[in-house]
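Have a look at the structure below, then the notes.
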Amino acid sequence: MKVAFLLNDLQLSGGVGVVVQHARELALRHGHEVTLVLVREQEAAPWQFDGLAHLRVEGLDDARRERFDVAIATWWETVYSLYELDADRYVHFIQSLEDRFYDALSAERPAAAGVLDFPLSYVTEASWIAQTLRQARPDAPCLLVRNGIDKTVFRSPEQLDVRVGEPLRIVVEGNPQVWFKGVWPAISAVGRMREPRHLTVVTGDHSKIAPGSADAVVGPISHDEMAALYGASDVVLKLSRVEGMFGPPLEGFHMGATCVVAPVTGYDEYIEHGWNGWVVDWDDEAGTARALDLLARDRRLLTFLRANALETARTWPTWEQSGVFMAAALEKIRRDPPPPPYAGARQLAADSRMALDRQRLLMHERNEYRRLAKPALRLKRTGAWQRLKWLREHPAMQPVWTLVRPLTRKLRSKLTG
Amino acid sequence: MPDWQERITADSRPATRAEHELRYALAAPLIRAAARWCDLGCGAGVAAAAALGDEPYGGSALLIDRDAAVADAAAAAVQAREATALALDLADGDALATLRSTLAGDEPLVITCFETIEHLSDFAPLVTLLTELAARPATTVLLSVPNDDFWAIENPHHATLWGEGALSELRSLLPAGHVALRQVALQGTALLPLDGEARASASVALAPGVASHLLLAFGAEAAKLGPALPATRVVQADVVEQRRWERQRESDLLYHVAALRALEARLAETEAALAQATAAAAAPTAGEDDDAPAASGHA
């Protein structure tokens, strides 16, 4: 079978790593001809994912000249390039409901949600996404293929390394600048702990982590290094607000670390409160700190959770098994008729109408603000204002403005609201 | 490492045999109503023979196992008008092509595939074939997998791991309208008159619980399984064997605790003796003191 996976880029991210793993399995174990199609101009060299060497990578222009059995979008933006390829079947591999990544009023949000209206077959990695899609698009085939774990990297220990009398070793992982990763509340919760602890933050941008808030800041690091870090840790603390399959705690499980998590989408796929992990409430830093203190104090409980986390990990599928399901899913999609083309049309029309209404509202708001700002704009064009501006910016006048500023604060506040 | 036996034989644990027999018992009415029955991964045929009972199956049975001798044993064990043994490796593409051609035809067919696909590292071609066959108007497929997830069992004979998650993945590949069942383990006890040879049967109250195995049925007659539920099979425990095993484990534990204590005592003694010897070696002896020069340098 000739398969194309469409990606924005090949930069280091969990989502891209999953696609590369599936592509590699399909190529190496199932004999499929797999191409990674990059739909954007590439600004940076690709991350050296394991298995990339076995795959053909090409741009959209080259891919347009080929014919594929199955073309697979792997991120909402790539859906908009999907139909540029000539393929028998079009598939969307959904790793999260991606509109949730964006602010409610952003332009991306309706565009990311709108791709679910297209006539596509779905493959997804999490049960909660599959259930949502089956409700939203009962007409469209939706197949579940859970992500595997690279057990040669996340190689579980034969026996748990039981630690007593040491600080609780905690890992917080994620980009702190991404709002839904919940890195700041996680660091803050650790800061509120009373028991001895050691916090390692894994992030590509060290500058954002305040000095003293973590015992170690590392990253970006390879999967091998990440596995070693999990192996030396007791708890993976993850307070994300949006997740697809929720991989990091599972990787920690493989190395004998339990987790403290918020009940984010995907957590219940393998995390069981009080059995292999600890589920804390949303926006409850004090409660999270108390949970961490409990684990630091009660080493019997910590060992119980870690031991069960390791057992949970033992039965999680490998990438080989996951690849079998992906191969079977694509085979079924190719064998079965495509989804009905007009089934999502009603929703598509409604979403387009909604986007139009939203755009109209924004335009109305913009025009209203413009009208309100008109006197100010007219004032700004006057010679007096220009002279005042010149004086305001003149270096010699700065000491005067410094003196005057507190006196005019009330007036400025009234003017600007 | 848990105690298991991969092939079900006459020597298998009664509880293991019972759970295997129940799966075949569930399939038995469908098998009897079909002209052909194909059992994939048939093993020695013990459970199938028990479930079908003494009344011979009137159709033709095709018993398939990777091991030819085992398939032959199954063909001998199963009472059928016609029983054929066939050795096939279900992970092999050519073998599946043979299977496809062997099962060609429109006669009513039941395929059982119990506790088999977890032995295949690439089960996708077999699943594809089974769904393809089940799309025919008169073919029904029943398959089962163990719930490895819950017990975290690492079975060296299993190439893939199964549980509710993997079953959800598999179900997404199957046609709509398939039937999914959980098989739950039973425990219990009964009271019988001490005198006499009373025989009795008892009913069992059932509730949703953790599955020991997960079953799927799809194809023409799959919906007929609904009225057959709940299906139970309870066998009397072999308490003599169970008692032997448990007593052995307890006595072993007692022995190892005692042995550990003895070793700890010996270790403590050895450590004490070592400490004493180290202290003695470090301390200056009386003779050495005599011979040592005085601080003043005088002898």
In region A:1-57, chymotrypsin sites (Phe, Trp or Tyr not before Pro) in a DSSP loop with at most 16 other beta-carbon atoms within 10 Å: A:TRP47
Long-range amide H partners of B:GLY163 with built H, under 5 Å: B:ASP148, B:ASP149
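Could you tell me which of rounded, prolate or oblate describes region A:168-316, using a ≥ b ≥ c as the square roots of the eigenvalues of the alpha-carbon gyration tensor, with rounded for a/c under 1.5 and, failing that, prolate when a/b is larger than b/c and oblate otherwise? Walk me through the numbers before you get to the answer.
Numbers: a/c = 1.31, a/b = 1.19, b/c = 1.10.
Rounded is the answer for region A:168-316, as its axis ratio a/c remains below 1.5.
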For chain B, just list the percent of Cα-Cα distances falling in each 10 Å bin from zero outward, please. 5, 22, 27, 15, 8, 5, 4, 4, 4, 3, 2, 0
Karplus ³J(HN,Hα) for region A:262-274 (6.51 cos²θ - 1.76 cosθ + 1.60, θ = phi - 60°; Hz, whole; x = Gly/Pro) runs 7, x, 6, 4, x, 5, 7, 5, 8, 9, 10, 4, x
Ignoring everything except DSSP H segments at least 4 long, calculate the 222 nm mean residue ellipticity for chain A; use -39,500 (n - 2.57) per segment, divide by total residues, nearest 500. -14000 deg cm²/dmol
Using θ = phi - 60° and Karplus 6.51 cos²θ - 1.76 cosθ + 1.60, couplings along region A:11-28 (whole Hz; Gly, Pro as x): 7, 5, 7, x, x, 5, x, 5, 5, 4, 4, 5, 4, 5, 4, 5, 6, 7
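When you count, for each residue, the other Cβ atoms within 10 Å and take the mean per peptide, how do A:159-165, A:143-149, A:130-136 rank with the highest first?
Details: A:159-165: 11.1, A:143-149: 23.4, A:130-136: 16.4.
Ranked from most to least packed, the peptides come out as A:143-149, A:130-136, A:159-165.
Just to be sure I follow the definition: excluding the sites themselves, where is the longest run in chain B that has none of the GluC sites (Glu not before Pro) in a DSSP loop with at most 15 other Cβ atoms within 10 Å?
Numbers: sites that count: B:GLU6, B:GLU154, B:GLU197.
In short, B:7-153.
Quick one: which of A:LYS208/A:LYS238; A:LYS389/A:LYS410; A:LYS151/A:LYS208; A:LYS389/A:LYS414 span more than 28 angstrom between C-alpha atoms?
Details: A:LYS208/A:LYS238 18 Å; A:LYS389/A:LYS410 20 Å; A:LYS151/A:LYS208 32 Å; A:LYS389/A:LYS414 20 Å.
The pairs that break the limit, which is 28 Å between Cα atoms, are A:LYS151/A:LYS208.
Would you please classify the overall shape of the protein assembly as shown from the alpha carbon gyration tensor, given that a ≥ b ≥ c denote the square roots of the eigenvalues, rounded means a/c under 1.5, and beyond that prolate means a/b larger than b/c while oblate covers the rest? Mind showing how you got there, number by number?
Details: a/c = 2.33, a/b = 1.20, b/c = 1.95.
Oblate, because a/c is 1.5 or more while a/b does not exceed b/c.
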For chain B, longest principal axis from Cα atoms; helix B:14-33 axis from its Cα atoms; angle between them, nearest 10 degrees, is 10 degrees
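Rounded to the nearest 5, what % of DSSP beta bridges with both residues in chain B are antiparallel?
Values: 12 of 34 bridges.
Expressed as a percentage, antiparallel bridges in chain B total about 35.
Just to confirm the filter: which GluC sites (Glu not before Pro) across region A:171-268 are DSSP coil and have at most 16 other Cβ within 10 angstrom of their Cβ?
Answer by residue number: there is no such site.
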Give the long-range amide H neighbours of A:LEU6: residues separated by 5 or more places, or on another chain, with amide H under 5 Å away, using H modelled in the peptide plane at 1.01 Å from N. A:VAL37, A:ILE72, A:ALA73, A:THR74
Net charge (Lys, Arg +1; Asp, Glu -1) of residues whose beta-carbon lies under 11 Å from that of A:ALA350, A:ALA350 excluded, is -1
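So, R0 is 25 Å and r is the distance between the beta-carbons of A:SER222 and A:ARG314; what FRET efficiency does that work out to, to 0.05?
Values: r = 24 Å, r/R0 = 0.94.
Calculated transfer efficiency: 0.60.
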Against the longest principal axis of chain B, how steep is helix B:93-102, in degrees 0 to 90 to the nearest 10, with axes from Cα atoms? 30 degrees
Whole-Hz ³J(HN,Hα) for each residue in region A:381-389, computed from phi via Karplus 6.51 cos²θ - 1.76 cosθ + 1.60 with θ = phi - 60°, x for glycine and proline: what do you get? 7, 6, x, 5, 4, 4, 5, 4, 5
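Values in this text are rule-based calculations from the coordinates and carry no lab data. Predicted model, so just to flag it, every value in this text is computed and none were measured. FYI the Cβ positions are ideal-geometry reconstructions off the backbone, even for glycines, and counts take in every protein chain you see.
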